[in-house]
Every structure is written in C-alpha cells, then in structure tokens.
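S.K.: Here you go, one structure.
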Amino acid sequence: MSFAHFLRIEREEPGGSRHTVVHASDPRFSMELAPDREAPDQVGRGVIKRICLPNSWAGDYGKYAQWIGAAQEFFAQSFANPAPKTETRRFHT
C-alpha cells in the first residue's frame, strides 16, 4: 500500500506532543496516535487514541481495517528518516 496520501501532524502542547495521521484521499479519515513507550524504539506502530471516520463507515470497520493498519505503519515509518527538502511541501500565506 502506498503512503503517498498519508500525512503526520505533530503538535507541541504543555503535556507533550500530539500526533495525528491524516489520509487525504478517499477514504478520508484521521487518527490520533501516541508513541508506544514499551516498544524497542519507543515509538512502535503507535497506540491509537482516537479515530475520526465518516458516518458511512459505521458498522463496516472490518472493510477498512487495512487503512487503519496502513496508517499505523505510516506513523512508525514517519519517525525513521526525515524526508528530503525536495519532497516537503511548503504552503505560502
């Protein structure tokens, strides 16, 4: 599965940082994850704290389990190596 449509957002807060993984194309959803402190690398695949899904997903979670698993894999890989500057997008306001 391609990770091209995933994005990880990290927000610094007084109690620590919050991590959100967003899938930007169909099916659109977001997940809030926390690093797994018991994993060997202190990040792991992340501990799911919240999932925001469209109403049309209700009752059919098995069908979309692959997307949730892919989001966790993306979360783990997003800590591995930083993206080269040529791949990052900057938005001008």
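S.K.: Determine, for each peptide in 18-26, 34-42, the mean count of other beta carbons within 10 angstrom over its residues, then list the peptides with the highest first.
M.R.: Taking the mean over residues of other Cβ atoms within 10 Å, the ranking is 18-26, 34-42.
S.K.: Sorted by mean Cβ packing within 10 Å, highest first, what order do the peptides 2-15, 64-77 take? Could the numbers behind the result be given before it?
M.R.: Details: 2-15: 10.9, 64-77: 16.8.
Highest mean packing first, the order is 64-77, 2-15.
S.K.: Quick one: Karplus J couplings for the range 26-37, per residue in order, coefficients 6.51, -1.76, 1.60, θ = phi - 60°, nearest Hz, x for Gly and Pro?
M.R.: So the Karplus estimates, Gly and Pro as x, are 5, x, 7, 6, 9, 9, 9, 10, 10, x, 7, 5 Hz.
Read the figures in this text as sums done on the coordinates, not as results from a lab. On a predicted model such as this, the values are computed, not experimentally measured, just so you know. Here the Cβ is made from the backbone with ideal geometry for all residues, glycine too, and neighbour counts use every protein chain on show.
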